[in-house]
Amino acid sequence: MSENEGEFHFSPRANRAAEIKWRPWSEKAFDEARRLNRPILLSISAVWCHWCHVMDETTYSHAGVIDLINRDYLPIRVDNDVRPDINQRYNMGGWPTTAFLSSSGDILTGATYMPPDQMADALTRVAGYYRTHQPEIASRALESRKRAGSGVALSAGELDEEIVDSVLEAVKDAYDPEYGGFGNAPKFPQTDALLLLLEQAQIRSDPELRQMAVHTLGRMAGGGTYDHVEGGFFRYSTTQDWTVPHFEKMLEDHAGMVSAVAVAGMDGALDSTTHYLDTVLRDQKTGLYAGSQDADEHYYSLGADERGPQNAPFVDRRVYTSWNAALGIAYLDAAVRRDRPALHEHAAKLLGRLFRDRYKTGEGLIHTGEAGGQLGDQVWGLWAAVRAHQAGLGDRWLPTAVDIATHLEERYSDHDRGGYLDHAGGDG
């Protein structure tokens, strides 16, 4: 086994991607790129991502590509789930993301999946350009940063109800009255939009808004985007009518889906979805939930009597703080709305263990056992602490919420430009 195989996640099928001398995202890696005067090849992957696996098996297993990368680049590999902040900055439209950066972290060009021949050509062209256009690259990067800086507001501004009105109008304009959901293909659950419709339907006494959400959820739960054997929602549909999904299942998506089907009163979908979460993703000992389950088109084409644990797709057992906190909130809400005391018990165990393992007074919450805190971890953690207090889970939760809010302001707030930083660690 190469030294890279223990540190990075590669395709579970045969591949040579570990022969590339990948570095983790760190200041040390950027210092090395500057010392060697090489551009950076940034690969943003995910353990659940089908095309990331394909790229490992094809492009990153091609001998010529491996040689070009190791000779001319400083290759950095990032897991999307571990460092969502880096993904937000550099994603090129999907996964895998293939980004070519300067040694200062500025984007030169990029794409998503690139087959071997296209990748070899891009590697040669970018490396040649980087060697011969250093002053121009530095000048463009400086101008880009100046423009970005000049466009940042110095004040966070004020919230008003017109923001809700404008967002709601955008959701209504994007709504698909035939199949539900928003836009054409591909179609994602867009749980924030569904929850907004359900909330505003109640606030405004507008049954049309509720019908949009319920129709969407019904089409999703009744179509190919839902696993009718084991329960749970697949990540998205490649078609407008929800019939052909991408088969990975994400804990990140299920917190919103649990909340949405609970508010919509869809007890069947709620029970089968939480059954999947509690039997497949939940660690029965700790009460914490795994991050995702792999896509496997063949497995999900099998009938109920043909599936079995020995053939089940790989489950990424890493625990992500923000996703677990969000699920805890969803479970507490669903327990009250739909009279599901088991969900209350699971939420209490989940949040108790999550904060025991991941939270320290004055230091906020870390993201995983491998990575420091993200803005999302603090925000979801703060919300979870407030909801745990409201649900009567103990006296510790209100002081915890106050402490996280203080930590957010001290460590994540950008006092010069306004807003909040996505990551408070030293390796940003």
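The values are calculated or read from the model by the stated rules, or taken from the named source; none is laboratory data. These figures come from a predicted structure and were not determined experimentally. Glycine also receives a Cβ, built like all others from the backbone with ideal geometry; neighbour counts cover every protein chain displayed. With ligands, DNA and RNA removed, areas are computed over all heavy atoms of the protein, side chains included. Shrake-Rupley method; radii C 1.70, N 1.55, O 1.52, S 1.80 Å.
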According to a simple spin-label model (label point 7 Å from Cα along Cα-to-Cβ), what is the distance in nm between Arg204 and Glu27?
4.9 nm
Can you list the HN-Hα couplings for the range 84-89, worked out from phi with the Karplus curve (6.51, -1.76, 1.60; θ = phi - 60°), rounded to whole Hz and with x for Gly and Pro?
x, 5, 5, 4, 5, 6
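Eigenvalues of the Cα gyration tensor times 5, then square-rooted: what semi-axes does that give for the range 269-428, in whole angstrom, largest first? It would help to have the intermediate numbers written out before the result.
Working: eigenvalues 197, 83, 31 Å².
Taking √(5λ) for each Cα gyration eigenvalue gives 31, 20, 12 Å.
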Globularity ratio of the range 50-93, using Cα Rg and 2.2 N^0.38 Å
1.32
Efficiency of FRET between Thr239 and Arg89 - r from beta-carbon atoms, R0 30 angstrom, step 0.05:
0.50
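Quote the convex hull volume per residue of the range 308-399, based on C-alpha atoms, as a whole number of Å³. Mind showing how you got there, number by number?
Numbers: hull volume 10.6 nm³, N = 92.
Looking at the range 308-399, the number lands at 116 Å³ per residue.
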Quick one: which residues, 5 or more positions from His423 or on another chain, have an amide H under 5 Å from its amide H? H modelled 1.01 Å from N in the peptide plane, none for Pro or chain starts.
Leu375
Centroid-to-centroid separation of the range 366-393 and the range 169-244 [C-alpha atoms, Å]:
27 Å
Please get the size of the charge dipole for the range 240-337, origin at its Cα centre, with Cβ charges of +1 on Lys and Arg and -1 on Asp and Glu, quoted in debye to the nearest 20.
420 debye
Karplus ³J(HN,Hα) for the range 408-420 (6.51 cos²θ - 1.76 cosθ + 1.60, θ = phi - 60°; Hz, whole; x = Gly/Pro) runs 4, 5, 6, 9, 10, 5, 9, 6, 7, 10, x, x, 10
Please provide three numbers in whole Å: the alpha-carbon extents of the range 176-237 along the principal axes, with the largest listed first.
36, 24, 18
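Once the Cβ-Cβ distance between Asn311 and Arg71 is put in as r, and R0 is 35 Å, what FRET efficiency do you end up with, to the nearest 0.05? Can you show the working numbers first?
Numbers: r = 41 Å, r/R0 = 1.17.
Here the calculated transfer efficiency is 0.30.
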State log₁₀ I(q)/I(0) for the range 343-387 at q = 0.17, 0.22 Å⁻¹ as given by the Debye formula over alpha-carbon point scatterers of equal weight, solvent excluded.
-0.46, -0.75
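What accessible area per residue comes out for the range 361-403, rounded to a whole number of Å², with a 1.4 Å probe? Kindly include the intermediate steps, with their values, before the conclusion.
On the way: 2070 Å² over 43 residues.
I get 48 Å² per residue for the range 361-403.
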In the chain, carbon and sulfur make up what percent of the accessible area (probe 1.4 Å)?
51 percent
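Given 0.36 nm per residue, what is the gain on full extension from Asp117 to Ser104 after removing their alpha carbon distance, in nm? Write out the running numbers ahead of the final one.
Numbers: separation 13, 0.36 × 13 = 4.68 nm, distance 2.75 nm.
Stretched out fully, the Asp117 to Ser104 stretch lengthens by 1.9 nm.
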Given a 1.4 Å probe, how much area per residue of the range 64-177 is accessible, in Å²?
54 Å²
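May I ask you to derive the FRET efficiency for Arg396 and Ser139 from their Cβ-Cβ distance with R0 = 41 Å, giving the value to the nearest 0.05?
0.15
With each run of n ≥ 4 DSSP H residues scored as -39500 (n - 2.57), what mean residue ellipticity at 222 nm is computed for the chain after dividing by its residue count and rounding to the nearest 500 deg cm²/dmol?
Numbers: 16 runs with 202 residues, N = 428.
It comes out at -15000 deg cm²/dmol, rounded to the nearest 500.
Could you give the Stokes-Einstein D for the range 367-428 in µm² per second, using the C-alpha Kirkwood radius, 4 °C, 1.567 mPa s?
In µm²/s, the coefficient is 104.
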Within-13-Å neighbourhood charge of Ala264 [Cβ basis; K, R +1; D, E -1]:
+1
Return one quarter of the surface area of the convex hull spanned by the alpha-carbon atoms of the range 288-330, equal to its mean projected area, in nm².
3.9 nm²
One finds the C-alpha centres of the range 89-104 and the range 120-148 to be spaced, in Å, by 14 Å
Where only alpha carbons of the chain are counted, the Rg and the Dmax (Å):
22.8, 67
Projected convex hull area of the range 78-221, Cα atoms, direction-averaged, in nm², equals 13.0 nm²
At q = 0.14, 0.17, 0.20, 0.22 1/Å the base-10 log of I(q)/I(0) from the Debye formula over the alpha-carbon atoms of the range 1-96 is -0.48, -0.73, -1.03, -1.24
Nearest-10 value in Å² for the accessible area of His298, using the 1.4 Å probe
130 Å²
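Count the net charge of all other residues whose Cβ sits under 9 Å from the Cβ of His389, scoring Lys and Arg as +1 and Asp and Glu as -1.
Working: positive: Arg387, Arg396; negative: Asp395.
Charge balance near His389 sits at +1.
Using 0.36 nm per residue, how much length does the chain from Ser413 to Val229 gain when fully extended, once their Cα-Cα distance is taken away?
Details: separation 184, 0.36 × 184 = 66.24 nm, distance 4.54 nm.
In short, 61.7 nm is gained.
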Give a residue-ordered list of calculated ³J(HN,Hα) values for the range 48-55 (Karplus: 6.51 cos²θ - 1.76 cosθ + 1.60, θ = phi - 60°; whole Hz; x for Gly, Pro).
8, 8, 4, 6, 5, 5, 4, 5
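Quick one: net charge around Gly362, please, counting Lys, Arg +1 and Asp, Glu -1 for every other residue with C-beta under 13 Å from its C-beta. Kindly include the intermediate steps, with their values, before the conclusion.
Numbers: positive: Lys360, Arg411; negative: Glu363, Asp403, Glu409, Glu410.
Result for the local shell: -2.
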